[in-house]
């Protein structure tokens, strides 16, 4: 979402032809809206499934079963919620970007492109790894636990997707937060970095405690994004704290 908003603002303030600006703005709007849609869709789904599980005295994690049917709101309501969130977020973020200098906006554009690149690699690769590894989740193990496999064993498509943890991957995207702050505000960047690490760690640990993943699933999920961000920031000449 942030990447899309930055692209929109950068295009509007650029000296490019109007048709180019229009096309870039449309792409930015689509990207920002998709980001909101992607996260809200799963947030609503997990919230409703958790409530339903509690009401029926089932484990709260049960709604996360791969391939299972999960409750959700109607498409129309989801779209309305997304539009409302998008409108509010756009007003706030565009007002924030308006105060940025041209130099700072160019730096934020590099951050946005890096964010998109890391997200693309994540979406293209992690889901395929999950399918190829075919690892059973802890709560899916049978009584004898003979369907347990170590993290390094590739089982092939089994319909189970415990390794690596997608939630751990996505939570570590919070490590991008320091990059949105001004390089001059080192204290804020440090605080945002601490928040990002804490958020990622809490999410990963919670997935293990819920029985949705093994510790190796959660740590590998976090490592993948940390590695991609480390490599990406070096290539884009960006630093999480000091420039």
Task: Subset of the range 1-52 (residues that are under 20 Å from the mean Cα position of the chain (by Cα) and not in a helix (DSSP H, G or I)) - done: 1
TODO: Could you please let me know if residue 110 is part of a helix (DSSP H, G or I) and in contact (Cβ under 8 Å) with a residue 60 or more places away in the chain?
DONE: yes
TODO: Could you pull out the residue among 155, 142, 239 that is closer than 30 Å to residue 110 by Cβ and either in the same structural domain as residue 108 (by TED's automatic domain parsing) or crowded, with 21+ Cβ neighbours inside 10 Å (or both)?
DONE: 239
- [ ] Would you mind telling me which numbered condition in (1) touching a residue at least 24 places away in the same chain (Cβ under 8 Å); (2) more than 14 Å from residue 29 (Cα to Cα); (3) assigned to a helix (DSSP H, G or I); (4) within 22 Å of the chain's Cα centre (by Cα) residue 120 fails?
- [x] (1)
- [ ] Name every residue in the range 166-177 that is over 11 Å from residue 129 (Cβ atoms), free of Cβ contacts under 8 Å to residues at least 60 places away in the same chain and in contact with a helix residue (DSSP H, G or I) (Cβ under 6 Å, 6 or more places away or on another chain), in order of residue number.
- [x] 167, 168, 171, 172, 174, 177
TODO: Enumerate the pairs (first residue in the range 8-37 and closer than 24 Å to residue 120 by Cβ and in the same structural domain as residue 90 (by TED's automatic domain parsing); second residue anywhere and in a loop (DSSP other than H, G, I, E, B) and at pLDDT below 90) with beta-carbon separation below 7 Å, excluding pairs fewer than 6 apart on the same chain, so at least 6 apart or on different chains.
DONE: 21/14; 32/1; 35/1; 36/1
Open item on the list: Considering only the range 203-226, I want to know if a residue exists there that is free of Cβ contacts under 8 Å to residues at least 24 places away in the same chain, within 30 Å of residue 99 (Cα to Cα) and not in a loop (DSSP other than H, G, I, E, B).
Closed with: no
TODO: Take the range 163-199 and flag every residue that is in a loop (DSSP other than H, G, I, E, B) and more than 19 Å from residue 100 (Cα to Cα).
DONE: 163, 164, 165
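The values are calculated or read from the model by the stated rules, or taken from the named source; none is laboratory data. The shown structure was predicted, so the numbers you read here are calculated from the model rather than taken from an experiment. Cβ sites come from the backbone with ideal geometry, for glycine too, and all protein chains shown count toward neighbours.
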